[in-house]
Amino acid sequence: MADEERDAERPADRLRVLDPEREPAAIKALTHPLRVRLLGLLRMDGPATASELAARTGESSASTSYHLRVLAKYAFVAEAEHRDSRERRWRAVHEVTTWDHAAMDASPVGREFTGKMARRQVAHLGELLGWYEAAKAAGRLGRDWLEPSGITDLMPLLTPESLTELKQTFEDKLEELTARDAGQARAEKVAVVFAGLPIVGPGVRDEGAGAPESGVPESGVSESGGAAGAGGSVEADSAAGEGGSAEAGGSAEAGAAAPRRVRGYTHD
């Protein structure tokens, strides 16, 4: 594929900002698990036909075609450049979906969306861990990747202000490193998850109390050799000044290295 054609098929805008007040139907449409998966595949692997996506998801082409049309109705996907007149190819319009946590929490549709999306992101992390372990077992992963890759599970005591600072520092550093490594031959797509989830409940602070019923792990730190999710949740600055303006076509500046001061976002 020529560079000009490849550029034409890249998402035109970096971010799709969801607003539950102005586009509840679009958010509702995205709660369907197959639509989220199709959108994630198009974002990760580039344009594809309904038949190609059906083969990768185990669904029928009629099903993937229908759900792609729904995604197109709400401007999540659009038709891509066709290789011939017999096929209909689809591309993701944006690279990342983002939202304002407070606005979503105030809306029943928004609460349903963020809950389902978080669980989808956790499930996707499991898939990514499997891909990582398979690549490592097959010798496809260079030894220089072994030490920096992995999953870390920590449970520090932080104030809301400190968690906000941690998120901002994470985003700033991610943007800096992404810009630095752009065009590097050794650079690979790395799945990254950042989660900041306050655990509030009886016994959580008590020494020896163990995990609450929700299944929060007792351990403070664990390392289990997996790369975190391309479909992972990175919830940035929940107190920052950039609100989530709606969009059936709105966006942030195209080509930005990483989302800036958004409050929640996902690659799926």
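The values are calculated or read from the model by the stated rules, or taken from the named source; none is laboratory data. All figures in this text were calculated on a predicted structure; none of them were measured in a lab. A quick note on method: Cβ atoms are made from the backbone with ideal geometry, for glycine too, and the neighbour counts reach across all protein chains shown. Protein only, heavy atoms only, side chains kept; ligands, DNA and RNA dropped before computing areas. Shrake-Rupley method; radii C 1.70, N 1.55, O 1.52, S 1.80 Å.
Which peptide among 134-143, 28-37 comes first, and what is the full order, when sorted by highest mean count of other Cβ atoms within 10 Å?
28-37, 134-143
What is the distance, in nm, between label points placed 7 Å from the Cα along the Cα-to-Cβ direction at Val192 and at Met155?
Modelled inter-label distance: 2.7 nm.
Enumerate the lysines that Lys28 could reach by cross-link, defined here as Cα to Cα under 23 Å, with residues fewer than 8 away along the same chain left out.
Lys73, Lys116
Quick check: residue separation of Glu147 and Glu112 times 0.36 nm, minus the Cα distance between them. What number comes out in nm? The partial results should precede the final answer.
Values: separation 35, 0.36 × 35 = 12.60 nm, distance 3.76 nm.
So the extension gain works out to 8.8 nm.
For region 42-166, what is the accessible area per residue in Å², given a 1.4 Å probe and the full set of protein chains?
Details: 7140 Å² over 125 residues.
That works out to 57 Å² for each residue.
Considering only protein heavy atoms and a probe of 1.4 Å, how much of the accessible area of region 1-151 is carbon and sulfur, as a whole percent? Can you show the working numbers first?
Details: 4000 of 7890 Å².
Within region 1-151, the accessible surface is 51 percent carbon and sulfur.
Return the distance in nm (one decimal) between the two label points of a simple spin-label model at Glu21 and Gln168, each offset 7 Å from Cα along Cα→Cβ.
Placing both labels 7 Å beyond Cα along the Cβ direction yields 2.5 nm.
On a straight-distance basis, which lysines could pair with Lys173 in a cross-link, Cα separation under 28 angstrom, same-chain partners fewer than 8 positions away excluded?
Straight-distance partners of Lys173: Lys136, Lys189.
Go through 45-52, 152-159 and give me the packing order, highest mean Cβ count within 10 Å leading. Walk me through the intermediate numbers first.
Details: 45-52: 17.9, 152-159: 9.8.
My ranking of the peptides, most packed first, is 45-52, 152-159.
Distance in nm between label sites at Thr57 and Glu133, each 7 Å beyond Cα in the beta-carbon direction?
2.6 nm
Show me the ranking of peptides 20-27, 175-182 by mean Cβ neighbours inside 10 Å, starting with the highest.
In descending order of packing, they fall as 20-27, 175-182.
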